[in-house]
1. For segment B:55-96, how many residues are in a helix (DSSP H, G or I) and touching a Lys or Arg at 6+ places or on another chain (Cβ under 8 Å)?
2. State yes or no: is B:Ile123 within 14 Å of another protein chain (Cβ to nearest Cβ), closer than 26 Å to A:Arg29 by Cβ and at pLDDT below 95?
3. Could you figure out which of (1) touching a Pro at 6+ places or on another chain (Cβ under 7 Å); (2) farther than 30 Å from B:Val47 by Cα isn't true of A:Val13?
4. Which residue pairs have Cβ atoms closer than 9 Å, lie 6 or more positions apart in sequence or on different chains, and pair a first residue in segment B:128-151 that is closer than 18 Å to B:Leu35 by Cα with a second residue that is of a type in the set (Gly, Ala, Ser) and at pLDDT below 95?
5. Quick check: anything in segment B:81-93 within 14 Å of chain A (Cβ to nearest Cβ), surrounded by 17 or more Cβ atoms within 10 Å (Cβ to Cβ), among the aliphatic types (A, V, I, L, M) and within 10 Å of the chain's Cα centre (by Cα)?
6. Sort out which residues of segment A:20-38 are crowded, with 21+ Cβ neighbours inside 10 Å and in contact with a strand residue (DSSP E or B) (Cβ under 9 Å, 6 or more places away or on another chain), and write them in order of number.
7. Applying the selection to segment A:60-111, what residues are touching a Lys or Arg at 6+ places or on another chain (Cβ under 8 Å) and closer than 16 Å to A:Ala25 by Cα?
8. Would a scan of segment B:100-120 turn up a residue that is modelled with pLDDT of 95 or more, more than 10 Å from chain A (Cβ to nearest Cβ) and more than 20 Å from A:Tyr24 (Cα to Cα)?
Amino acid sequence: MELIITQHVDVVVATLKGRIDAFYAPELREKMEGFIAQGIKHFVLDLTDVQFLDSAGLAALVSVLKRSQQEGGGVKMIMPRLEAAQRILKLTRFDKVFEIVDNSELAVKSF
Amino acid sequence: MTSKSHQRSTNTIRLELPATLQYLSILGACLNDILGQVRGLGEQEVVSYNVQLAVQELCTNIVRHAYEEAKPEERIYITITLYVHPRRLSVELLDNGKFFDESLVQEPDLEDSQIHGYGLFIIKSLMDEVTYTRQGQHNCWYLMKNLEEKS
């Protein structure tokens, strides 16, 4: 997993690449919790280049959503380019749970 | 192993992984390479991804629940077999962990996002056959995916 963070005032864009699975999910969750602890409550999760996403990875993403909502914020998501990964998000209906956006610039401005 | 292992096959590969999460990518790469050798497979990328995901979900469950994430010295024994007639891939997984009680597993509520409980749902959704048996001190899982030709 590769995680690239870009901060735009009070919005964090987390660009994720590679595998988001049971092995890497705790690291992702810990890093995002760190931002919430710093007072950040708006996130854009860019999954464009995610190559593999399992249920533990999905759980880490939902955890970010729930925690940000608890703080009065929210999460917007850019879907993976890989069709197979998109299908898993649809199978589990997580595409309905997150607000799906096309690009991070518009997503940042929309908060 | 079950008798299903002894049917005529083109390739059988056996792996023995430590019961930790860090080597799961090796298993995924292995499945991807095997399925990459299947000629004329419809939606190859999606099928390969789905099989990798189902098997990884099961291995994660074994590490977390059967071995309770506390026994990295234990092993998961995996047999991957590619059959010719009818064309299909089977993956058998054997572990020495705790008994799996399916009656304790709740179906995820897809209308109300939750953090846990999607593993078995994903496995059953993506594979054509999923069976579990307890044999002595072993948990035995059999997953099968039909490999249809491109239409």
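1. Matching residues across segment B:55-96 total 2.
2. no
3. (1)
4. Qualifying pairs under 9 Å: B:Leu147/B:Gly42; B:Glu148/B:Gly42; B:Glu149/B:Gly40; B:Glu149/B:Gly42; B:Lys150/B:Gly40; B:Lys150/B:Gly42; B:Ser151/B:Gly42.
5. No; the residues of segment B:81-93 include none that is within 14 Å of chain A (Cβ to nearest Cβ), surrounded by 17 or more Cβ atoms within 10 Å (Cβ to Cβ), among the aliphatic types (A, V, I, L, M) and within 10 Å of the chain's Cα centre (by Cα).
6. Selection gives A:Ile20, A:Asp21, A:Tyr24, A:Leu28, A:Met32.
7. A:Ala60, A:Ser63, A:Val64
8. Looking through segment B:100-120, none of the residues is modelled with pLDDT of 95 or more, more than 10 Å from chain A (Cβ to nearest Cβ) and more than 20 Å from A:Tyr24 (Cα to Cα).
The values are calculated or read from the model by the stated rules, or taken from the named source; none is laboratory data. Nothing here was measured: the structure is a model prediction, and the numbers come from that model. With ideal geometry, Cβ positions are generated from the backbone for all residues, glycine too; neighbour counts draw on all protein chains shown.
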